[in-house]
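Here's the structure, in structure tokens; my notes come after.
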């Protein structure tokens, strides 16, 4: 079980992380929230880098996106080939 001190340290760290980004960067990062479940469902690994750059790796190739709409298009057009659903 966590001690009170450990809980307080954890809370302070979380608070500090939240204060590290501006509201605008937070909105930009949050704009990718709609595509994350789709990528997880497709089994496609992704990362979100500061300030708001998403990288997706398919068949050993890394794709970089700055707009969630581009990720949506990628999922529609490219992602099925990651699982072998489409012929190359």
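Tell me yes or no: at least one residue of region 75-82 is out of contact with any helix residue (DSSP H, G or I) (no Cβ under 6 Å at 6 or more places or on another chain), over 19 Å from residue 26 (Cα atoms), assigned to a helix (DSSP H, G or I) and modelled with pLDDT of 85 or more.
Checked region 75-82: at least one residue is out of contact with any helix residue (DSSP H, G or I) (no Cβ under 6 Å at 6 or more places or on another chain), over 19 Å from residue 26 (Cα atoms), assigned to a helix (DSSP H, G or I) and modelled with pLDDT of 85 or more.
Count, please, the residues in region 10-40 that happen to be surrounded by 12 or more Cβ atoms within 10 Å (Cβ to Cβ), modelled with pLDDT under 80 and in a helix (DSSP H, G or I).
Counting residues in region 10-40 that are surrounded by 12 or more Cβ atoms within 10 Å (Cβ to Cβ), modelled with pLDDT under 80 and in a helix (DSSP H, G or I) gives 0.
Can you work out which of the residues in region 41-69 that are under 21 Å from residue 26 (Cα atoms) and exposed (fewer than 12 other Cβ atoms within 10 Å of the Cβ) is modelled with the lowest pLDDT?
Filtering region 41-69 for residues that are under 21 Å from residue 26 (Cα atoms) and exposed (fewer than 12 other Cβ atoms within 10 Å of the Cβ), the one modelled with the lowest pLDDT comes out as 50.
The values are calculated or read from the model by the stated rules, or taken from the named source; none is laboratory data. It should be emphasised that the depicted structure is a prediction, and the values quoted were computed from it without experimental measurement. Cβ atoms come from the backbone with ideal geometry, glycine included; neighbour counts cover every protein chain shown.
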